[in-house]
1. Roughly how tilted is helix 17-34, in degrees to the nearest 10 and between 0 and 90, from the longest Cα axis of the chain?
2. Determine the percent antiparallel among the DSSP beta bridges restricted to the chain, to the nearest 5.
3. Rank the residues Leu66, Leu109 as a footprinting-exposure proxy: fewest other Cβ atoms within 10 Å of their Cβ go first.
4. Using 11 Å as the cut-off for backbone N distance, which residues of the range 63-81 belong to the label zone defined by a point 7 Å from the Cα of Phe187 along Cα→Cβ?
5. Long-range amide H contacts for Val72: which residues qualify at under 5 Å (H placed 1.01 Å from N, peptide plane, sequence gap of 5 or more or a different chain)?
6. In whole Hz, what ³J(HN,Hα) sequence does the range 102-109 give by Karplus (6.51, -1.76, 1.60; θ = phi - 60°), x for Gly and Pro?
7. Counting helices only, and only those DSSP H runs with n ≥ 4, report the 222 nm mean residue ellipticity of the chain as the sum of -39,500 (n - 2.57) divided by its residues, in deg cm²/dmol to the nearest 500.
8. Using DSSP to define loop residues, name the trypsin sites (Lys or Arg not before Pro) in the range 11-103 whose beta-carbon has at most 11 other beta-carbon atoms within 10 Å.
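Each value in this text was obtained by applying a stated rule to the coordinates, not by laboratory testing. These numbers were taken from a predicted model, which means no experiment stands behind them. Positions of Cβ are generated from backbone atoms using ideal geometry, with glycine treated the same way; all protein chains shown enter the neighbour counts.
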Amino acid sequence: MIESCTFEQFNLRLVDFTSIYRTIEIDLINDLSKYQLLNSKTINRDIKKLLYHHIFYGICEYLLSLKSRERVIVLKTNNTDALLILQYFIGEDIQKHIDQAVTQIAKLLPISIYGYSKDSNFEMLRKLYNKQEVKFSQLKEAYDRREGNAVELIERLRNFLWNKDFMRSHYTFAKVKSFAKRNNLTFLSENYFNQLKTKQLLFK
């Protein structure tokens, strides 16, 4: 289940990247097994291509499937996203490549991804709830109670989204084409890219 929460007053939906990743992880492992890559001791080029394919495709398909028109920010923590795949690869190694894939998505596609670290408002909210991870429902509750860290975080996200909207026209398929070809992202055609861009224009 993909975790998200909506702030109707700002027409804003926050989506948890980790929960997106974990919806594609079994398919990723199955493909790695199909191509006999699960026994590799290091993450080679073929493994990286499959990882990129599943992460790019998973995020894109989720956004394209949304029926509502809230503006979407995918939130990416610095904690470990991988779960089942840790049976086969060293956690730090696989996480490094997951992080790189997300960075490329934010760089190349008109998708708003916000990374946060341990010294952010999320860390303060973790301390407030005395939990390792803050559920999005708890974030919304904290904002509704006007908790300072939650209010500051949402304002920061709104400013981030405004800046991202300003840069929207800078995303072109010309920048994506060579990357997609190099990494065998065959689904990422010009038509698919334009669908993503059109979808983002609807998020107002």
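1. 10 degrees
2. 30 percent
3. On the way: Leu66 15, Leu109 21.
Neighbour counts put them in this order, fewest first: Leu66, Leu109.
4. Residues 63-65 qualify, since their backbone N sits under 11 Å from the label point.
5. Correct list: Arg13.
6. Result, rounded to whole Hz: 5, 4, 5, 4, 5, 6, 9, 10.
7. Result for the chain, helices only: -18500 deg cm²/dmol.
8. Loop-located and lightly packed - Lys41, Lys67.
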